[in-house]
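Notes follow the structure.
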Amino acid sequence: MDQHAVEQHGKAEPAGLDVVVTTMASDSHTWNLVFLHLLLEELGHRVTNLGACVPDALLVAECRRIEPDLIVLSSVNGHGFHDGLRVIAALRACPALARTTTVIGGKLGIAGSGAPARRRALLAAGFDGVFEEDRSVREFPSFVRSLSAGSGTPAAGAGVLL
């Protein structure tokens, strides 16, 4: 490699998004986070995994510090809907995070997956995508690709479980 190529390589813009992956305060599950972390890295993104049982204030503080392009909240315990409403309110109340693309997914309720009213409520509360159980593995990567393609707008019809 010639000297010019080496110099240009050092000036290259980093590819991909800065992503925060986490659960919420009531959720102690971690394998979902490991899966998401690896999936996002495979898609070319830089991932900060905050881990399980993250208190709301810590999540907001870390996201303010990191300034991610995308926040991914994952739930396995069935309390994601209620926890998610509380967390998105805290994130949207912070001016630095008010417009950060934020999604939620996983097992969001205990009464089964895919409840349209639950999805609508989460989107109305401020989430940019809701990825619930069955279809999430197929839809989530497409959603993330639409963000990293620079469209600035999440993929149409975003919404199932992480």
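V6 fails exactly one of the following numbered conditions: (1) modelled with pLDDT under 95; (2) outside any helix (DSSP H, G or I). What is the number of that condition?
With (1) modelled with pLDDT under 95; (2) outside any helix (DSSP H, G or I) applied to V6, the lone miss is (2).
If you go through the stretch 84-105, how many residues are in a loop (DSSP other than H, G, I, E, B) and open to solvent by 10 Å² or more (accessible area, probe 1.4 Å)?
6
Criterion first (open to solvent by 50 Å² or more (accessible area, probe 1.4 Å) and not charged (D, E, K, R)) does A115 satisfy it?
no
The values are calculated or read from the model by the stated rules, or taken from the named source; none is laboratory data. All of these numbers come straight from a predicted model, not from anything done at the bench. Heads up: the accessible areas ignore ligands, DNA and RNA and are worked out on the full protein's heavy atoms, side chains in. Shrake-Rupley method; radii C 1.70, N 1.55, O 1.52, S 1.80 Å.
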